[in-house]
Amino acid sequence: MAKTYRIHPGIGIARIGNSPDAMFLAAETPDGLPADFSAGQTSAFSGYKDANGFLKRQGARFRVFEYDTGPGGQDIVREITAAEANIEWRVQIANTKSAANALADVGGFLRPLGPPRNPDANRADLAITPVLPPIAGVNGSQLEAPSGQFRGRPVKIAELKTDVEGRLVVLGGHGTSAAHPVATPINSFANNPDWFDDVGDGSVDAVVTFPGQAPLDVEFGSWVIIAPPDFAPGVKGLASLFDVALSAAAEASWPPPAPSYQNDILPILQRAIDLRWVQRYGSWNSFPKDFALLGTIGGQADAARLQAYNKLINVQQGRVLNNFNYTRLQQHNLIAWRDGQFIADYDPAPPPAAPGPAALDRAALEPCVGGGWYPGIESGVLMTNPQIYSEFCRLGRAAFADAGEQVVPRPGYLTERMACPWQADFWECSGSWWPAQRPDKLFTGFPPAHTGQDWADGIQDHEDLVANFWKLGLATPGGTGPDGLPAYFETERDPSMPRAV
Amino acid sequence: MSVGRRGGRLTWRPVADSVTERPAPREGGFKRLTRNIGETLSRWLRAEIAKPVASPNGIIEAIRLEGLPSVAAPGVAEDPLDLTSALLDTGAELEHALMIEYLYAAASAADPGVARALARIAAQEMGHLATVQNLRLALGLPAYMGRQDLAPQPGQDPFPFKREPLSLDALAKYAAAERPSHEHVAPDLEALVTEILARANAAVGGAIPRVGTIYATLYWLFLPTDGTNAKPWPDFPEDVFRAANVPQLAATAFGALERQAEPIEWRASTQGLEVIVCDTGEAAVRAIYRIAAQGEGLANSVDSHFPQFVDLYRRMRDQGLDVHDVPVDPHVGGGAPSSEVDHPLAVAANAVLDAAYAALQIEILIVFTLTRTGVEAPLRRALISHLLSEGMLAAVAPLGRLLCSTLPRRAGQAADDGACAGAIFSPVQATSGDRAALLVHWKAAIDGLEAAVDAALQLPDDSGLLGGVLADITDHVGTKRTLWNRISNI
């Protein structure tokens with residue numbers, strides 16, 4: 001069987017930040033830790049802000065893997081690095097928000113079916129489409145050519161680097177959002193004429209050349225999304241983009257097999273409880289915590305599962321979280337679990353996930369919101385369409401149909417369906433949207449001695465958030481609480497930010 | 001402690017009478033009309049209103065049917081500020097009532113999409129209510145959160161205030177009250193609208209007046225008299241109001257801009273919620289027109305409530321919509337036996353809801369006493385954030401939903417009996433006042449909320465769903481007390 005080459009993660013996530021030179025890489029295993037990144041190397045993580053208090057950019061690192069088939073038919077996977085081949089990375093990223101149509105409510109979801117966000121006759125002036133020259137070698141650095149512009153104003157939305165192994169690191173913009181050329185105020189959470197921001201998305205491809213061999217195009221390229229910051233890293237949403245991808249994959253062979261309690265149910269319960277550190281402590285803290293009981297069948301466990309199921313389901317449809325639904329697969333699994341049709345494989349101390357391509361795919365997407373599509377943060381409801389994927393956790397490059405619309409994948413097509421600028425949505429979507437990324441409340445210690453404080457306290461309006469988003473605090477791991485479960489406390493809030501209460 | 005309406009009681013006068021009783025024009029305040037012009041218009045108006053219902057101008061049609069609002073005794077000149085004040089009182093009461101009625105219907109809907117659509121309309125009523133407050137503040141009147149059932153005007157209200165589950169009758173009433181001018185009804189909807197109006201009228205035992213004449217009259221009152229400003233309401237029949245001698249407000253200095261609600265601070269755009277700062281006469285008439293266009297008015301627009309209610313009506317009639325078993329006007333004693341709530345947990349949850357609703361109403365009123373800039377601004381923002389996220393989203397809304405979808409109505413009710421308690425939403429007596437008075441009310445409401453939560457926490461909760469909401473409210477009581485202290489010390 002021929003060797004095939006794939007880039008992982010299939011979908012990588014970078015995040016903007018206003019630090020001029022400090023950056024970090026997000027965890028590359030589902031429960032791993034982030035790492036500082038400098039001069040092509042990683043080092044121990046030192047926080048989300050630099051020495052001057054500026055928010056670091058999150059880089060998305062991509063690797064090439066070779067897939068082969070062993071004698072028993074199993075996949076043999078190994079990473080290809082610069083030590084044995086030249087890897088030339090080819091990346092196209094765009095921010096086409098301002099050139100796109102306005103998002104309009106269609107059946108409770110936002111789709112780009114409104115009038116153009118900007119009336120400019122020359123749409124090309126509105127699309128920020130930098131030329132990113134190919135990059136190869138180790139510890140390389142390639143800024144975009146000065147062609148990313150919004151109405152003639154240069155806008156940096158991407159930067160490429162390679163690490164000491166020749167892997168690619170994609171970085172986004174520095175958090176610049178503005179109205180240009182006139183200071184038009186923000187009046188909408190989603191559509192604001194004259195505004196741009198510096199997120200984006202696009203393709204990540206590579207050409208691998210082994211010594212003495214012809215260059216080889218990597219057949220399975222990746223996609224990178226440059227997203228807004230995650231202000232609650234470590235706290236995961238009830239449905240993530242990884243869950244969305246899982247559900248889309250399951251559609252091909254529905255019904256899915258009986259769920260694993262450990263892998264399919266327990267994470268949802270744990271995430272629900274973790275949300276207490278970012279929103280409505282009382283509600284989320286009231287979720288059942290007897291994980292061993294909930295992972296068994298028969299006796300009092302049946303009633304306990306039913307009550308836990310009711311609480312989990314009650315979260316949907318705006319009852320707790322706006323526009324939120326579990327994925328179809330999650331709903332199927334939750335019902336099976338409620339009814340005792342699941343694999344009772346609870347393990348209180350599971351081994352850490354092994355590194356590798358699957359871990360990269362999962363680690364990249366699990367911190368991303370997989371619900372509350374109004375419109376979302378990293379990407380929108382489009383990700384629920386199975387046709388968007390060419391394989392699990394990998395986006396296709398061919399056109400596909402979505403809700404009667406023909407979607408052509410091209411750089412910028414995912415993020416143009418997000419709010420413009422992203423701060424408009426972040427400001428308005430308080431209360432019940434995506435607390436795992438845009439917290440509502442943060443704590444500095446354990447309740448009841450410490451009460452939650454508004455994450456955005458001190459920000460006056462959209463435009464104040466545009467200017468000062470980087471000053472806000474983050475919910476980061478704070479050990480374990482009295483109940484033995486993880487705690488997340490507010491850190492790194494700029495001391496100059498006033499709090500009213 | 002009750003703080004009542006500021007304006008006088010409205011009556012609806014037949015237009016022809018008001019034309020013949022035209023008072024002498026007031027210097028500088030009213031538009032001047034010569035008797036000849038007035039008589040000419042009077043004849044024209046009489047001819048217009050004699051036309052059949054399918055009049056080309058729906059405002060005239062409505063005025064012919066319903067008359068024009070007035071606060072003056074017969075033969076006495078209408079004072080424009082008195083009339084405006086009374087209309088704004090009534091507008092606030094109706095917007096508030098509709099918001100609760102729509103919320104109740106939304107909570108009763110088992111279909112999440114239907115519930116979301118109704119809740120969104122309810123949120124838009126909140127926007128109308130905020131804009132009405134801005135109009136009040138602009139004229140130097142305090143914010144007012146009265147509700148229709150505190151000062152009912154039988155025969156004048158579109159229909160009696162009633163918390164009722166989603167039904168064809170309820171949807172017909174809502175559509176009838178928010179119907180636009182006849183000419184805005186698409187021809188292919190005429191038969192359906194006729195059916196809806198017949199059902200609505202049968203449900204209330206008479207014709208349902210539209211709320212539109214209130215906003216049409218307000219539009220006229222605020223319409224700048226110098227003729228230099230844009231007039232957003234197309235085809236507005238100024239001649240009818242002129243002929244009927246409805247006065248207009250004199251060119252006035254619009255005040256209290258620093259305390260008026262701004263859309264951004266209320267996170268308005270996510271809900272399609274429109275809040276307009278009324279800093280000029282032009283802004284005021286645009287605000288009134290937008291309320292009229294979105295609902296409660298005679299104009300029409302793409303986001304009007306009317307077609308949404310018509311669509312829901314048609315869906316319910318043709319396909320059926322699942323609705324929780326929720327009573328009409330639930331109560332804990334003194335009402336219809338079938339609507340009585342006596343399950344201890346539901347009684348306790350309703351007590352919490354009423355206390356949370358009272359606190360929320362008073363918090364909204366206090367916001368309108370704080371300025372958007374200066375030392376009060378951070379507390380204003382914090383209070384808005386608190387009342388939206390913690391008062392509405394984490395307390396009133398989830399309690400209302402639980403009471404209308406989950407919590408049982410009767411003590412001893414069988415486990416498979418789906419009778420839900422319903423959310424009582426008792427009216428809040430504190431409806432207006434200065435900041436000092438409101439702080440007193442707020443303190444009492446916070447104490448009441450804490451006591452109600454403590455009482456509810458003593459009861460077993462088989463659903464497992466109420467405890468989390470109560471725990472949230474317990475957390476948020478601390479925030480309320482902190483805000484109370486900070487605002488008290490301004």
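The values are calculated or read from the model by the stated rules, or taken from the named source; none is laboratory data. Note that the coordinates shown come from a computational prediction; the quantities given were computed from them, not determined experimentally. Please note: Cβ atoms are built from the backbone with ideal geometry, for glycine as well, and neighbour counts cover all protein chains shown.
Details
- Count of the range A:383-401 residues which are in a loop (DSSP other than H, G, I, E, B), of a type in the set (S, T, N, Q) and either closer than 12 Å to A:Gly10 by Cα or over 18 Å from the mean Cα position of the chain (by Cα) (or both): 0
- In the range B:447-490, residue surrounded by the fewest Cβ atoms within 10 Å (Cβ to Cβ) [restricted to those that are within 12 Å of chain A (Cβ to nearest Cβ) and among the hydroxyl-bearing types (Ser, Thr, Tyr)]: B:Thr482
- The listed residue being crowded, with 21+ Cβ neighbours inside 10 Å, small (Gly, Ala, Ser), modelled with pLDDT under 80 and under 27 Å from B:Tyr144 (Cβ atoms), out of B:Ala92, B:Ala62, B:Ala97: B:Ala62
- The residues listed here are B:Pro224, B:Pro165; of these, the one that is more than 25 Å from B:Thr90 (Cβ to Cβ) and either assigned to a loop (DSSP other than H, G, I, E, B) or in contact with a Leu (Cβ under 8 Å, 6 or more places away or on another chain) (or both) is B:Pro165.
- Within the range A:319-341, the set of residues being without any contact (Cβ under 8 Å) to a residue 60 or more places away in the chain and either more than 24 Å from the chain's Cα centre (by Cα) or assigned to a loop (DSSP other than H, G, I, E, B) (or both) comprises A:Arg319, A:Ile335, A:Arg338, A:Asp339, A:Gly340.
- B:Ala207 being touching a residue at least 12 places away in the same chain (Cβ under 8 Å) and crowded, with 23+ Cβ neighbours inside 10 Å: no
- Pick from the range B:97-117, criterion assigned to a helix (DSSP H, G or I) and touching a Ser or Thr at 6+ places or on another chain (Cβ under 9 Å), ranking: farthest from B:Ser269 (Cα to Cα): B:Ser108
- Against the criterion of being modelled with pLDDT under 95, of a type outside the set (Gly, Ala, Ser) and surrounded by fewer than 22 Cβ atoms within 10 Å (Cβ to Cβ), B:Pro398 does not qualify.
- Positions within the range A:113-133 being modelled with pLDDT under 90 and surrounded by 16 or more Cβ atoms within 10 Å (Cβ to Cβ), in sequence order: none
- Residue in the range B:444-455 that is within 25 Å of A:Ala500 (Cα to Cα), among the β-branched types (Val, Ile, Thr) and either modelled with pLDDT of 95 or more or within 29 Å of the chain's Cα centre (by Cα) (or both) present: yes
- Test: B:Pro160 is without any contact (Cβ under 8 Å) to a residue 12 or more places away in the chain and either more than 14 Å from every other protein chain (Cβ to nearest Cβ) or under 30 Å from B:Val277 (Cα atoms) (or both): no
- Residue check: B:Gly272 meets all listed conditions (1) modelled with pLDDT of 85 or more; (2) on the phi > 0 side of the Ramachandran plot but one, namely (1).
Conditions (1) at pLDDT below 85; (2) surrounded by 20 or more Cβ atoms within 10 Å (Cβ to Cβ), marked per residue:
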residue	(1), (2)
B:Glu282	no, no
B:Tyr289	no, yes
B:Ala293	yes, yes
B:Gly297	yes, yes
B:Val302	yes, no
B:Leu312	no, yes
B:Arg317	no, no
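- Every residue from the range A:1-50 that is touching a Leu at 6+ places or on another chain (Cβ under 9 Å), hydroxyl-bearing (Ser, Thr, Tyr) and in a loop (DSSP other than H, G, I, E, B): A:Ser19, A:Thr29, A:Tyr48
- Pick from the range B:258-279, criterion away from chain A (no Cβ under 14 Å) and surrounded by 17 or more Cβ atoms within 10 Å (Cβ to Cβ), ranking: farthest from the chain's Cα centre (by Cα): B:Arg259
- Looking at the range A:186-290, the helices (runs of 4 or more DSSP H) lying wholly inside it that each contain 3 or more residues that are within 14 Å of another protein chain (Cβ to nearest Cβ) and at negative phi sit at A:266-274, A:281-285.
- Among the residues making up the range A:4-25, those that are at pLDDT 95 or above and more than 17 Å from A:Thr176 (Cα to Cα) are A:Tyr5, A:Arg6, A:Ile7, A:His8, A:Pro9, A:Gly10, A:Ile11, A:Gly12, A:Ile13, A:Phe24, A:Leu25.
- Test: residue in the range A:326-343 that is closer than 29 Å to A:Cys429 by Cβ, out of contact with any His (no Cβ under 8 Å at 6 or more places or on another chain) and small (Gly, Ala, Ser): no
- Flag for A:Gly234 being modelled with pLDDT under 95 and touching a strand residue (DSSP E or B) at 6+ places or on another chain (Cβ under 8 Å): yes
- Criterion applied to A:Leu472, A:Leu414 was being closer than 25 Å to A:Gly53 by Cα and aliphatic (A, V, I, L, M), and the one residue passing it is A:Leu472.
- So A:Pro255, is it closer than 27 Å to A:Lys441 by Cα and either in contact with a Pro (Cβ under 9 Å, 6 or more places away or on another chain) or not basic (Lys, Arg) (or both): no
- Selection from the range A:291-318 of residues that are part of a loop (DSSP other than H, G, I, E, B), within 11 Å of chain B (Cβ to nearest Cβ), free of Cβ contacts under 8 Å to residues at least 60 places away in the same chain and crowded, with 20+ Cβ neighbours inside 10 Å: A:Asn314
- Any hit, the range A:65-81, residues being surrounded by 15 or more Cβ atoms within 10 Å (Cβ to Cβ) and not in a strand (DSSP E or B): yes
- Test: residue in the range B:68-75 that is closer than 14 Å to B:Val211 by Cβ, buried (at least 20 other Cβ atoms within 10 Å of the Cβ), out of contact with any Ser or Thr (no Cβ under 7 Å at 6 or more places or on another chain) and more than 14 Å from chain A (Cβ to nearest Cβ): no
- Options B:Cys404, B:Cys420: the member that is at pLDDT 95 or above, within 12 Å of chain A (Cβ to nearest Cβ) and buried (at least 16 other Cβ atoms within 10 Å of the Cβ): B:Cys404
- Yes/no for B:Ala349 being within 14 Å of chain A (Cβ to nearest Cβ), aliphatic (A, V, I, L, M) and in a helix (DSSP H, G or I): no
- Beta carbons closer than 7 Å, at least 6 apart along the sequence or on distinct chains, pair a first residue in the range A:270-281 that is under 12 Å from A:Thr451 (Cα atoms) with a second that is in a helix (DSSP H, G or I) and of a type in the set (Phe, Trp, Tyr) for A:Arg276/A:Trp284.
- Single residue of the range A:110-165 satisfying the filter (assigned to a strand (DSSP E or B) and of a type in the set (Val, Ile, Thr)) that is farthest from A:Thr81 (Cα to Cα): A:Ile128
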